[in-house]
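Before any comments, here is the structure.
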Amino acid sequence: QVQLVESGGGLVQAGGSLRLSCAASGNIFSINTMGWYRQAPGKQRELVAIISSGGSTNYADSVKGRFTISRDNAKNTVALQMNSLKPEDTAVYYCNADIMLPGSNYGMDWWGKGTLVTVSS
């Protein structure tokens, strides 16, 4: 099976920075898109940033210029550098990956359990 494990969440003051990391492990043939989503209390889960296996990125408008997504294909990891954090960035952040298992013809979505980011004003 596959596991996605996030790390790096915590409490930070507004204007501060945090770096989230996510490592995919298990019986993986290849990983297509990797990304970060977040869910604030009482709100739906939303896309934060995604990155293709080739390095193309896409960001939510609300984080453009403040967050940077990156990945290491050799290590099956994805990171999210978050700068100039705002209280509205407070949420549980989830790692997501489109993973192809050996012998499969298509990828499947896998999710981490989430890591809490709290930004105080």
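The values are calculated or read from the model by the stated rules, or taken from the named source; none is laboratory data. These figures come from a predicted structure and were not determined experimentally. In this analysis, Cβ positions are derived from the backbone assuming ideal geometry, glycine residues included, and neighbour counts consider all displayed protein chains. Ligands, DNA and RNA are excluded from the accessible area calculation, which covers all protein heavy atoms including side chains. Shrake-Rupley method; radii C 1.70, N 1.55, O 1.52, S 1.80 Å.
Treat each spin label as a single point 7 Å out from the Cα along the C-beta direction, and report the SER30 to ASN83 distance in nm. Label-label distance for SER30 and ASN83, simple model: 3.3 nm. Note that the chain presents 53 Å² accessible area per residue, ligands and nucleic acids not counted, probe 1.4 Å. Counting only protein heavy atoms and a probe of 1.4 Å, the accessible surface of the chain is 48% carbon and sulfur. With the simple model of a label 7 Å out from the Cα in the direction of the Cβ, THR118 to GLN44 spans 2.8 nm. When the inverse distances between all different Cα atoms of the chain are averaged and flipped, the Kirkwood radius reads 14.5 angstrom.
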